[in-house]
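To start, the structure itself, in C-alpha cells.
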Protein chains: 2
Amino acid sequence: MRVCDLPTPALVLDRKRLERNIARMADRAANLGVTLRPHAKTHKCLEVARRQVAAGACGLTVSTLAEADAFSTAGFDDLTWAVPLAPSRLADVERVAARARLGILVDALAAVAALDRRGGSFDVWIKVDCGYHRAGVDSQSDEAARLARSIAEGGHVFRGLLTHSGQAYDCASRAELAVVAEHERRVMVELAERMRGDGIEVPVVSVGSTPAMSAAHDLAGVDEVRPGNYVFFDASQVALGACALTDCAVTVIAEVISNGGGRHAVINAGALALSKDLGPGDCGYGRIYEDYEAGALHDDTTVVELSQEHGEVTGSFDLGERLRIQPNHSCLTSAAFGAYSVVEGDEVVDRWPVVRGW
Amino acid sequence: MRVCDLPTPALVLDRKRLERNIARMADRAANLGVTLRPHAKTHKCLEVARRQVAAGACGLTVSTLAEADAFSTAGFDDLTWAVPLAPSRLADVERVAARARLGILVDALAAVAALDRRGGSFDVWIKVDCGYHRAGVDSQSDEAARLARSIAEGGHVFRGLLTHSGQAYDCASRAELAVVAEHERRVMVELAERMRGDGIEVPVVSVGSTPAMSAAHDLAGVDEVRPGNYVFFDASQVALGACALTDCAVTVIAEVISNGGGRHAVINAGALALSKDLGPGDCGYGRIYEDYEAGALHDDTTVVELSQEHGEVTGSFDLGERLRIQPNHSCLTSAAFGAYSVVEGDEVVDRWPVVRGW
C-alpha cells in the first residue's frame, strides 16, 4: 500500500526519521556519559521500544500501568513508572513487578506509608522538583533525605532521585534550554551530594526532558536521562529549537470533506485525532505540509478550529485532497490513534499498535 | 465492586441519570412531533444505543465509520454518518451499507461525482449550513436543489436535508438557545418548501444539537432531530442552560498522587483522560464534586492545568483521596477511555466498551 491509499484520518510514522532520532539520542547520551531510559509515553509502542533498547537504552520509562503491563508482558524487564504512585493501583504494580523490575515514584511520606500498609518490598524513586513545580519534593529541603530513610526503614529499595525539567517547554531558544538543562543537573547533583554527605546512598540520579536533553552541554554527576518526545518530535519541539522540522517523524493525514461554503477547508481530523493542544504561538492546532520530505509547510495554512471529527483549515483545497498535518504535540496525537501506519517514503511498510488506557 | 474500589482514572457512567436523560429526550421529541435519531458520537457504546432505540429512536447518527461498523454489526440497521463524506472511505461505506441502511452526507457536486465514479447507489443527505458556518450548502442559495438533482441523476437515493445548529454552543441563556432552535427550524423548512415548490421531493428535514433541542418550542415542518450530548450532558451544557448539574451522567474519578509541594493537588487524570477542552468560562479543565448525588461542586476547586497524565487541582487534598470530576465536554472525555464503569449509586453494576477510532 502507498501513503496516498491510506484511509483517513491516518497516523503516519516515518521509519527512517524515527530510527535517526533514536540513533542520535543514543549517541548524545553516550557522549554525555549517561544511560538512556526513554519515556515510552510518547510512542506507547512495542516496536519503537525495541528499537530504543537495541540502540542501547537501559530500560524504559512509562506513564501508565497499561504501558507497564504491555511492555513487561513483551519482555521489557526494567521499567520506571514516572508518575507519582496512585495508591489504588498497587495491585497492578505488584502484577507488573512479578515479571519485571518496576520502579515507582513517591514525593511524600504518605506514599511510603501506603507501601508499608500494602506490605512487601517495592523499588522506589524519589521525585524531585527541579523548577517545573508540578510535583516532587523541594530540592532545597531535607524532604528527600527523610523519604530515603523512610523507604529504607520500610524494607523497600531506594533506586535514586528523579526529576523532569518540564519548565524547558517554556523556553524560547536553544540557549535557554541549555540553561534549564544545567540548572536541572546542578540541582539534582547538589541534592545527591548533600544526601551522600549525610550517609544516604543515592544509587542513581535521573533527569530529563527532550528539550533540555537536546541542548545539554554537560551532565556530570547525572547517571540516567529520560527524554521521550525525541523519537517523534513535533511542532512544539521545532518552536523550542530542540529539532528541525525534518526530524518530525509523526504526521496525520486527513482529507478535505467540505469547502465550508468557501470560508475554509473542512478536514476529517478533529479534536479526537489531533487533540486540542494549541502548541506554540502561531501553529493553531497544526500546520500543513506543502512538501513533507523537504520540510516545507504551506505558508498561511493552519488548522484553526476543531470540533470532535471536523477540522477547519485556512486556505482553499479540493474535495478529497489529502493534507499531511504536523501535530503540535505528537504524544497526545499518537495516543488518539489505535495504530501507526509505518512508512518509508511513499510506501506503507508496517502497522504498529498503540498501547492506550491506564 | 463499589465506586470507591475502582482503579483510577475511571470513566463512570450513572445508569439512572443516563436512562432519565434518554427518556426525557424521547418524550421531548414525541411532544414536538419529530422522530429522534440520537448522535452516538457522544457515547460510542452499543449498550447506550440499545437503550435509545428501546425508547423509540428511529435509528442512530454516527460520527465515524468505526461506529457505523460496530453498530451495524450489532444489528442497528438505520444509520446516518453525519460528517461530510471522505471519498477515500467509500469502500468502508459500502461494507457497512451491505448490512444496514447507511445515509451519507454531501455538500458539494464534487462529492456526488465521487459517488458516481465509484458506481452503485448510495443513500445521500444534503448537508445545509443553518448558521454554524462549519460545513454545508448556503441555505439561501439554490445549491441544495442542484445537489438533489445531481443525486437523483446519479441513481442515488436523496434522503433529505440535514443541518446541525452548532452555533447554539455560543449562546449564553436558554432564551438564546430557543432563538437558535427556531432559526434552524425556519431556515430548513423554508429551504425544503422552496425545493418542493421547484418539484423536488424532500423526504426528511433533519436538525439538531443538544442545546437547541433542549430549548426548542416548536419544530413544525421538521421530521427528525439528532441531538447527541443529552445522554450524558456535561459542564458546557450546564453553562448553556441546557440541563442541570444533576443531569450530568458521566464523571471521571481520579486520585491525588502528589501535593505539588503545597502548591496544588496533582491527580492522575491529565490531558489524555480529560481532553484539553476548556469548556465554558471558569471551569478550567473540569470541576470537582463535593457531593455528586446532590450536584454540589467544591467552591474554589478546579482542574487548572493538564499535562499528559497529570492534572493540577487547586485546593488541598490528601494523597490517595478520590476526586470526582465533572468534565467540560463529555464526548471528548468518553472517547478517551476504553470503557465505562456503569454505576448505580455506590455500586459498579456493569462495564460497557467504547468504540474508538475511525
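The values are calculated or read from the model by the stated rules, or taken from the named source; none is laboratory data. Fair warning: this is a prediction, and the values are worked out from it, not measured in the lab. Cβ atoms come from the backbone with ideal geometry, glycine included; neighbour counts cover every protein chain shown. Note: accessible area is taken over every heavy atom of the protein model, side chains too, but ligands, DNA and RNA are not part of it. Shrake-Rupley method; radii C 1.70, N 1.55, O 1.52, S 1.80 Å.
One residue alone among A:VAL187, A:VAL179, A:VAL204 is modelled with pLDDT of 95 or more and open to solvent by less than 30 Å² (accessible area, probe 1.4 Å), and that residue is A:VAL187.
Under the condition of being part of a helix (DSSP H, G or I) and either of a type in the set (Ser, Thr, Tyr) or free of Cβ contacts under 8 Å to residues at least 24 places away in the same chain (or both), the residues counted in the range B:196-221 number 4.
Residue-wise test of (1) surrounded by fewer than 23 Cβ atoms within 10 Å (Cβ to Cβ); (2) within 11 Å of chain B (Cβ to nearest Cβ); (3) modelled with pLDDT of 95 or more; (4) not in a loop (DSSP other than H, G, I, E, B).
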| site | (1), (2), (3), (4) |
| --- | --- |
| A:ALA269 | no, yes, yes, no |
| A:LYS276 | yes, yes, no, no |
| A:THR301 | yes, no, no, yes |
| A:CYS331 | no, yes, yes, yes |
| A:TYR340 | no, no, yes, yes |
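When the range B:138-149 is limited to residues that are part of a helix (DSSP H, G or I) and within 14 Å of another protein chain (Cβ to nearest Cβ), the one that is farthest from B:VAL189 (Cα to Cα) turns out to be B:LEU147. Within the option set A:ALA172, A:ALA152, A:ALA135, being among the aliphatic types (A, V, I, L, M) and part of a helix (DSSP H, G or I) holds for one residue only, A:ALA152. Name the residue that is nearest to B:ASP107 (Cα to Cα), counting only residues in the range B:155-169 that are not aliphatic (A, V, I, L, M) and not in a strand (DSSP E or B). Among those that are not aliphatic (A, V, I, L, M) and not in a strand (DSSP E or B), it is B:HIS164.
Determine if the range A:222-242 includes at least one residue that is within 16 Å of A:LEU32 (Cβ to Cβ) and either in a strand (DSSP E or B) or free of Cβ contacts under 8 Å to residues at least 24 places away in the same chain (or both). Scanning the range A:222-242, I find at least one residue that is within 16 Å of A:LEU32 (Cβ to Cβ) and either in a strand (DSSP E or B) or free of Cβ contacts under 8 Å to residues at least 24 places away in the same chain (or both), so the answer is yes. When the criteria are applied in full, A:THR64 meets the requirement of being hydroxyl-bearing (Ser, Thr, Tyr) and within 14 Å of chain B (Cβ to nearest Cβ).
Against the conditions (1) open to solvent by 10 Å² or more (accessible area, probe 1.4 Å); (2) of a type outside the set (Lys, Arg); (3) under 17 Å from A:GLY103 (Cα atoms), A:ALA23 satisfies every one except (3).
In the range A:114-132, the residue that is farthest from the other protein chains (Cβ to nearest Cβ) out of those that are in a helix (DSSP H, G or I) and open to solvent by less than 40 Å² (accessible area, probe 1.4 Å) is A:LEU115. The single residue among A:LEU147, A:LEU162 that is over 21 Å from the mean Cα position of the chain (by Cα) and closer than 30 Å to A:ARG95 by Cβ turns out to be A:LEU147. Among the residues of the range A:243-255, just one is part of a helix (DSSP H, G or I) and either in contact with a strand residue (DSSP E or B) (Cβ under 9 Å, 6 or more places away or on another chain) or without any contact (Cβ under 8 Å) to a residue 40 or more places away in the chain (or both), namely A:LEU245. Considered as a group, the residues in the range A:26-43 that are crowded, with 22+ Cβ neighbours inside 10 Å and more than 12 Å from chain B (Cβ to nearest Cβ) include one that is nearest to A:ALA249 (Cα to Cα), and that residue is A:HIS43.
Could you tell me whether B:ALA235 is facing chain A (nearest Cβ under 9 Å), farther than 27 Å from B:ASP78 by Cβ and either crowded, with 24+ Cβ neighbours inside 10 Å or among the small types (Gly, Ala, Ser) (or both)?
Values: facing chain A (nearest Cβ under 9 Å): no; farther than 27 Å from B:ASP78 by Cβ: yes; either crowded, with 24+ Cβ neighbours inside 10 Å or among the small types (Gly, Ala, Ser) (or both): yes.
Criteria not met by B:ALA235.
Scanning the range B:303-329 for residues that are more than 8 Å from chain A (Cβ to nearest Cβ) and among the hydrophobic types (A, V, I, L, M, F, W, C) gives B:VAL303, B:VAL304, B:LEU306, B:VAL313, B:PHE317, B:LEU323, B:ILE325. Tell me, please, whether a residue that is surrounded by 24 or more Cβ atoms within 10 Å (Cβ to Cβ), more than 13 Å from chain A (Cβ to nearest Cβ) and of a type outside the set (Asp, Glu) can be found in the range B:77-93. Yes - at least one qualifying residue is present in the range B:77-93.
Looking for whichever is away from every other protein chain (no Cβ under 14 Å), among the hydroxyl-bearing types (Ser, Thr, Tyr) and buried (at least 24 other Cβ atoms within 10 Å of the Cβ) here; the options are A:TYR230, A:TYR285. Which one fits?
Values: A:TYR285 fails: away from every other protein chain (no Cβ under 14 Å).
From the options A:TYR230, A:TYR285, the qualifying one is A:TYR230.
B:ALA152 meets each of the listed conditions (1) without any contact (Cβ under 8 Å) to a residue 12 or more places away in the chain; (2) open to solvent by 70 Å² or more (accessible area, probe 1.4 Å) apart from (2). Note on the range B:303-329: among residues that are part of a strand (DSSP E or B) and either in contact with a helix residue (DSSP H, G or I) (Cβ under 6 Å, 6 or more places away or on another chain) or of a type in the set (Gly, Ala, Ser) (or both), the one that is farthest from B:LEU272 (Cα to Cα) is B:GLN326. When the range A:98-113 is filtered for residues that are touching a Pro at 6+ places or on another chain (Cβ under 8 Å), in a strand (DSSP E or B) and crowded, with 24+ Cβ neighbours inside 10 Å, only A:VAL106 remains.
Restricting the search to the range B:257-267, which residues are assigned to a loop (DSSP other than H, G, I, E, B) and either open to solvent by less than 10 Å² (accessible area, probe 1.4 Å) or touching a Gly at 6+ places or on another chain (Cβ under 9 Å) (or both)?
Listed by number, the list holds a single entry, B:HIS264.
Condition test on B:ALA242, is it over 27 Å from A:ARG356 (Cβ atoms), away from every other protein chain (no Cβ under 14 Å) and crowded, with 24+ Cβ neighbours inside 10 Å? Criteria met by B:ALA242.
Which one is nearest to B:SER209 (Cα to Cα), of the residues in the range B:44-62 that are free of Cβ contacts under 8 Å to residues at least 24 places away in the same chain and open to solvent by 40 Å² or more (accessible area, probe 1.4 Å)? I'd like the intermediate steps shown before the answer.
The first filter runs over the range B:44-62 and keeps only residues free of Cβ contacts under 8 Å to residues at least 24 places away in the same chain, leaving B:50, B:53-54, B:60, B:62.
If we keep only those that are open to solvent by 40 Å² or more (accessible area, probe 1.4 Å) as well, we get B:50, B:53-54.
Details: B:ARG50: 20, B:VAL53: 18, B:ALA54: 21 Å.
Taking the candidates together, the pick is B:VAL53.
When A:PRO280 is tested against the conditions (1) away from chain B (no Cβ under 14 Å); (2) in a helix (DSSP H, G or I), the lone failure is (2).
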